[in-house]
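Q: Right, I'll just put the structure down here and ask away after.
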Amino acid sequence: MRYEDARIEGVRRLEQAGIEEAENNGKELLFYCCDFTATAYLLHKMEEMPEEKVGEYFALIEKRQEHIPLQHLTGECYFMGYPMKVTPDVLVPRFDTEILVEEVLKLKAQFQAPRVLDMCTGSGCIIVSLKKLWREIEATGSDVSEKALLVAKENGLRNGAEVCFVHSDLFENISGKFDVIVSNPPYIRTDVIEGLAKEVKEHDPMLALDGKEDGLFFYRRIIAQGQNHLECGGYLCFEIGHDQAKDVSRLLADAGYEGIYVKKDLVGLDRVVVARKG
């Protein structure tokens, strides 16, 4: 079997299993299995594929057919252009979350060397990317999951980003004040989780998904407790669910935050809320 024949068959099997982006997934798994770049694949795709590689490739395809996330099979994904380790202990970084990072970077002109806290850091993709793109910040990431923090620390090391990671249930072990607090907290309503894609509900950590009864549990706690950890004139920046902009904005306004605005993602859905402490 040639490399190209294997890829075509892999894509066919993924399509039959109802896998979204089957074409891309089949290609990415072949690249991962054979250590190919796109250029290397074009050069060798009509060559015979070693038998052991054929077996490895279709073993990966079979796992993907079971809706195990592509990133769990390859152990990696890219976020803001940086390679991030991914395991079942962390939420798979999504492109939508890059909107949150981009909004924080717009604050550069307002601060010299700000202290930035990433609450519920998970894989660390947000704070590691911020440290790479805004080197002057004093960066801290926190999470209640010790296993997630191990992944986050590795992502900091592999990207050469100096970040202090703290094991903390929200602000429990956080000291001092910050100029920016950024967070992509669990925000999915408990009763909605069962209807999510298998890749999410069966493989992303429930700790990173469940926002309790109305999905706003962690926004309430971060907004309330964050008052004691945010400098006057500092910013609170959240990723939100597409239908939560009004509720999160109201919570911020009721807590006395100013300059509240909502940023949409690339498909026009509400994705980020930013507010300033007066």
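The values are calculated or read from the model by the stated rules, or taken from the named source; none is laboratory data. What you see is a predicted model; the values in this text were computed from it and never measured. So basically every Cβ, Gly included, is an ideal-geometry build from the backbone, and we count neighbours across all protein chains shown. SASA here: full protein model, heavy atoms, side chains in, ligands and nucleic acids out. Shrake-Rupley method; radii C 1.70, N 1.55, O 1.52, S 1.80 Å.
Q: Can you find, within region 1-18, the residue that is farthest from Leu70 (Cα to Cα) among those that are modelled with pLDDT of 95 or more and open to solvent by 80 Å² or more (accessible area, probe 1.4 Å)?
A: Residue satisfying both the conditions and the ranking: Arg2.
Q: Right, something else. Would you check which residues across region 110-124 are small (Gly, Ala, Ser) and either open to solvent by less than 30 Å² (accessible area, probe 1.4 Å) or modelled with pLDDT of 95 or more (or both) and list them? Even if it seems obvious, please write down each step before you answer.
A: Kept after step one, since they are small (Gly, Ala, Ser), are these residues of region 110-124: 113, 122-124.
Scanning region 110-124 gives Gly122, Ser123, Gly124.
Q: How about region 14-113: which helices (runs of 4 or more DSSP H) wholly inside it have at least 2 residues that are among the polar types (S, T, N, Q) and in contact (Cβ under 8 Å) with a residue 12 or more places away in the chain? Let's see the steps before the verdict.
A: On the way: elements: 22-34, 38-44, 51-65, 70-74, 97-105.
Once the helices (runs of 4 or more DSSP H) in region 14-113 are filtered for at least 2 residues that are among the polar types (S, T, N, Q) and in contact (Cβ under 8 Å) with a residue 12 or more places away in the chain, what remains is 70-74.
Q: Checking the condition in a helix (DSSP H, G or I) and in contact with a Ser or Thr (Cβ under 8 Å, 6 or more places away or on another chain), which residue from Asn155, Asn173 passes? Give the steps one after another, and end with the answer.
A: Numbers: Asn173 fails: in a helix (DSSP H, G or I).
Just a single option satisfies the conditions, and that option is Asn155.
Q: I've got another one for you. Between a residue in region 218-237 that is of a type in the set (D, E, K, R) and any residue that is open to solvent by 60 Å² or more (accessible area, probe 1.4 Å), which pairs come within a Cβ distance under 6 Å, given they are 6 or more apart or on different chains?
A: If the second residue must be open to solvent by 60 Å² or more (accessible area, probe 1.4 Å), the pairs left are Glu231/Lys177.
Q: Still on this structure: Taking Glu102 as meeting all but one of (1) surrounded by fewer than 22 Cβ atoms within 10 Å (Cβ to Cβ); (2) under 16 Å from Glu231 (Cα atoms); (3) acidic (Asp, Glu), write down the number of the exception.
A: Unmet condition: (2).
Q: Which one of these does Leu266 not meet: (1) open to solvent by 30 Å² or more (accessible area, probe 1.4 Å); (2) at pLDDT 95 or above?
A: (2)
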